[in-house]
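First up is the structure itself, then whatever we jot down about it.
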Amino acid sequence: MPTRHPRRRHPASRRPRPARRTSRRRRYPRSRRQRRRDRQVLVLGAGVLSVAALWAAVAWLVTHLWAVVTLGAVAVVTATWFVNQRRQQHAWSRVQQQALRYELPQLDSLDHREFEYAIRDLMRRDGCTDARQVGGSGDNGADVLATDPHGRVWVIQCKHRRVGDRGSAVGTPDLQRVNGTARQLYGADIVLVVTNGRFSNRCAPLAQQLRMHLADRRMLAAWAAGSRPLWELLPRVPAPRSGS
């Protein structure tokens, strides 16, 4: 049998001693007075830095007065150039609008949304500076809104036909739809339905009863060609508002 060696025992002086537990000091939160004092120090430091920065800026400006004058002159020249550019752009835009012309083949080639924008641009050409396209979901029958130079509010519904007057005729339901909302919702003085196609035979009598106006393909061609403003082409247009 193998001999077993006796287990060695360390003398008492060599035995590892357990680690002593160090007592942790309890940390007490800073008092309210101390926190207030710290904030005051921070505010005072920020104020000193701001005053120092302002003093440095003033000293630099006094020393480099020529730079300030130069920057001011450059700013004035730049602002003047920018204002002149904007004026030229507005003037050129007015010239373009006044020279706007459409032929029927051009209008036929548009889609319905483009046709609405074309009608808006024609109204602007004739002096309705606030004319805007509003057609889309929830338009309540209105595609273009405008105020003419006489102060009359126009509500226009646009009906585009891809093949012109060879397409389906605009019917009375289209008139009834815009008539039900134009005056109540938009305060219209003039309600107009315009198309590059044609109207059914029942539209003209209904439009007269509802005090509406119709612009068919023939009238649209004369208007788009720039002969006269639309209100001079339509029969029985209401008189301008008093004071306009």
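The values are calculated or read from the model by the stated rules, or taken from the named source; none is laboratory data. The shown structure was predicted, so the numbers you read here are calculated from the model rather than taken from an experiment. Ideal geometry is used to build each Cβ from the backbone, glycine not excepted, and the neighbour counts take in all protein chains shown. Just the protein is used for accessible areas: all its heavy atoms, side chains included, with ligands, DNA and RNA removed. Shrake-Rupley method; radii C 1.70, N 1.55, O 1.52, S 1.80 Å.
What to note about this one:
- Unique residue being in contact with a strand residue (DSSP E or B) (Cβ under 7 Å, 6 or more places away or on another chain) and assigned to a helix (DSSP H, G or I) when the list is Leu107, Leu175, Leu192: Leu175
- Whether a residue is over 29 Å from the mean Cα position of the chain (by Cα), open to solvent by 30 Å² or more (accessible area, probe 1.4 Å), modelled with pLDDT under 95 and over 24 Å from Arg101 (Cα atoms) was assessed, and Ser137 does not pass this test.
- Criterion (on the phi > 0 side of the Ramachandran plot and of a type outside the set (S, T, N, Q)) met by exactly one of Gly197, Gly167, Gly226, Gly180: Gly226
- Cβ-Cβ under 6 Å pairs, at least 6 apart or on other chains, segment 145-160 side surrounded by fewer than 20 Cβ atoms within 10 Å (Cβ to Cβ), far side among the hydroxyl-bearing types (Ser, Thr, Tyr) and not in a strand (DSSP E or B): His150/Ser244; Gly151/Ser244
- Here Leu220 meets the list (1) surrounded by 13 or more Cβ atoms within 10 Å (Cβ to Cβ); (2) in contact with a helix residue (DSSP H, G or I) (Cβ under 6 Å, 6 or more places away or on another chain) almost entirely, failing just condition (2).
- Test: Gly197 is over 32 Å from the mean Cα position of the chain (by Cα) and assigned to a loop (DSSP other than H, G, I, E, B): yes
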